[in-house]
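S.K.: This is the structure I want to talk about, given as structure tokens.
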Amino acid sequence: MYLRSKGDERDGEASTEDDKGKPLPVIMAALGVGVMTGFLGVGGGFLIVPALVLFSKLPMKLAVGTSLLVIGINSAAGFVGHLGQSELNLSLTIIFTIAAVGGAFVGERLARRISAGSLMQTFALCIVLVGIFLLVRNASALGV
């Protein structure tokens, strides 16, 4: 859907009640994302952004920002939950964090210059490429 068309170009909030997501599908999508995150260790923007766009009817740029907040809260909870269970490589953590924060600032500036439709197409393409990479990497486990 997002690869072929520009999709919803709105950059602001949903404008009418009909445009807003219904509570039950939103809650079910959030639970599904939570289960996938806890069970498989996947989630983040990979699942949260599409869930917010499709079920909450949020515009793409608002969904990205909302996703980042959710990811931050989930990450903090996961970090606290794993404290004391394993050794933390502090120098690697600091280097990775600094690089990731720098990348986030660069990405945010790029997102300001890209339309919501183009952002959705780029995101969809990235998801397809990650899926192909994972299938190729895990082909032997799949029996291919």
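S.K.: Residues in the range 52-80, backbone N under 11 Å from the label point at I94 (7 Å along the Cα-to-beta-carbon vector): list them, ranges by number please.
M.R.: Residues passing the 11 Å test: none.
S.K.: Here's another thing I want to ask about it. Beta carbons within 10 angstrom, averaged per residue: use that to sort the peptides 107-116, 48-57, 77-86, highest first. Could you put the intermediate results ahead of the total?
M.R.: Working: 107-116: 12.5, 48-57: 21.1, 77-86: 9.3.
With the highest mean Cβ count within 10 Å placed first, the list reads 48-57, 107-116, 77-86.
S.K.: With all protein chains present, how much of the accessible area of the range 67-144 (probe radius 1.4 Å) comes from carbon and sulfur, to the nearest whole percent?
M.R.: On the way: 4500 of 6170 Å².
Taking all protein chains in place, the range 67-144 shows 73 percent carbon and sulfur surface.
S.K.: Ranking request for peptides 90-99, 119-128: highest mean number of other beta-carbon atoms within 10 Å first, then the rest in descending order. Present the calculation step by step, with values, prior to reporting the outcome.
M.R.: Details: 90-99: 9.8, 119-128: 17.3.
In descending order of packing, they fall as 119-128, 90-99.
S.K.: Accessible area per residue for the range 49-116 in Å², computed with a 1.4 Å probe and the full protein assembly in place, what is it? Spell out each step's value before the answer.
M.R.: On the way: 4860 Å² over 68 residues.
About 71 Å² of surface per residue is accessible.
The values are calculated or read from the model by the stated rules, or taken from the named source; none is laboratory data. Quick caveat, the model's predicted, so the values are computed rather than measured. All Cβ positions, even for glycine, are placed from backbone atoms using ideal geometry, and neighbour counts span all protein chains on display. Quick note on the areas: whole protein, heavy atoms, side chains included, nothing else; ligands and nucleic acids left out. Shrake-Rupley method; radii C 1.70, N 1.55, O 1.52, S 1.80 Å.
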